[in-house]
Amino acid sequence: MMIYLAAYLTVLYGGDGLMAVLLSGVLLATGQQQAGWLQHDFGHLSVFKTMWMENLWHQVTIGLLKGASSGLWRDFHYRHHAKTNVMEKDPDILEPPLFVIGDIMPVEEAKKSKKTLPYNFQHLYYIVVAVIWLFVPYHSSVFLFSIRRQRWQDVAFSMSFYAVFLPLFLPQLGLSKTIMLYIVMRALESQWYCWVTQMTHTGLGVGREKNESWMAMQMNGTFNVEQGLFNDWFTGHLNFHIEHHLFPTMPRHNFYKISPLVKSVCKKHGLDYEVKSLGEAFANILRYSNCS
């Protein structure tokens with residue numbers, strides 16, 4: 001909330017100049033993504049002891065603070081955890097028509113049609129897609145999903161974000177610069193979200209569902225990013241992604257404590273426990289997209 005307040009004070013006292021709008025947009029994007037990690041905690045039932053408190057604060061955080069839908073997030077994210085990197089079952093996989101990832105997906109897409117996107121350049125246009133992903137496809141689907149499922153509480157909480165955002169910034173900036181502020185906020189948030197959520201899965205075991213244990217599926221489709229103050233903050237502790245997938249209801253500040261135990265179990269059963277630097281993880285998205 002302090003970051004949101006700082007964003008408002010930036011335009012209140014800094015005026016409606018370009019620099020003030022950009023700085024406010026950066027602050028809002030930071031607040032949005034940190035609220036994203038917080039709602040992730042509530043969504044995984046890892047904060048409170050009672051279900052109703054987790055559900056309430058998930059609704060408040062993802063709706064009021066982010067303008068998104070609790071129901072849509074749960075539908076997507078729980079399927080991602082259940083079928084990690086399984087084609088047509090994991091909604092977090094980069095899939096056609098925009099992307100083809102892995103060894104199977106490019107072949108199947110080529111068989112369907114000779115008229116396809118220039119996938120040999122997908123590692124380049126991924127950067128563009130990452131700018132618009134959240135505030136064009138995702139946020140447009142928030143209301144469609146909620147209305148179709150008749151989740152009226154999600155509609156109300158999602159609308160509450162705009163009921164706060166517009167009265168705060170519209171009088172200070174006017175319509176055109178308020179729209180500019182919103183675009184800057186969503187574009188930066190979208191980049192942040194896409195790179196962090198894709199970096200620990202892209203390139204690992206994408207394909208059809210296999211006859212393997214649940215732990216093997218998680219380990220074959222996930223790796224970690226190095227621990228550090230910045231990495232922990234920037235990724236919402238999802239740099240310990242192996243631990244998160246194995247223990248999804250565990251509070252994130254405990255991941256580092258069980259990491260040695262997970263390593264020992266993986267060593268015992270011949271499973272890879274892979275750790276990359278943040279730069280290597282980001283580069284892995286582009287490298288693997290270019291190889292597919």
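Some points to look at:
- Among the residues listed as Val196, Val184, the single one being assigned to a helix (DSSP H, G or I) and open to solvent by 10 Å² or more (accessible area, probe 1.4 Å): Val184
- Test: Trp133 is at pLDDT below 80, open to solvent by 60 Å² or more (accessible area, probe 1.4 Å) and closer than 20 Å to Gln34 by Cβ: yes
- Residue match in segment 39-47 (condition: touching a helix residue (DSSP H, G or I) at 6+ places or on another chain (Cβ under 6 Å), within 20 Å of Met159 (Cβ to Cβ) and not in a helix (DSSP H, G or I)): no
- Of the helices (runs of 4 or more DSSP H) lying entirely inside segment 206-286, those containing at least 2 residues that are open to solvent by 40 Å² or more (accessible area, probe 1.4 Å) and at pLDDT 95 or above span 229-235, 255-269.
- Filter result (within 17 Å of Phe165 (Cβ to Cβ) and open to solvent by less than 40 Å² (accessible area, probe 1.4 Å)) within segment 7-24: Ala7, Thr10, Val11, Ala20, Val21, Ser24
The values are calculated or read from the model by the stated rules, or taken from the named source; none is laboratory data. Remember, it's a predicted structure, so these values are computed and weren't measured experimentally. Using ideal geometry, Cβ is built from the backbone for each residue, glycine included, and neighbour counts are taken over all protein chains shown. Surface areas here come from the heavy atoms of the whole protein model, side chains and all, with no ligands, DNA or RNA. Shrake-Rupley method; radii C 1.70, N 1.55, O 1.52, S 1.80 Å.
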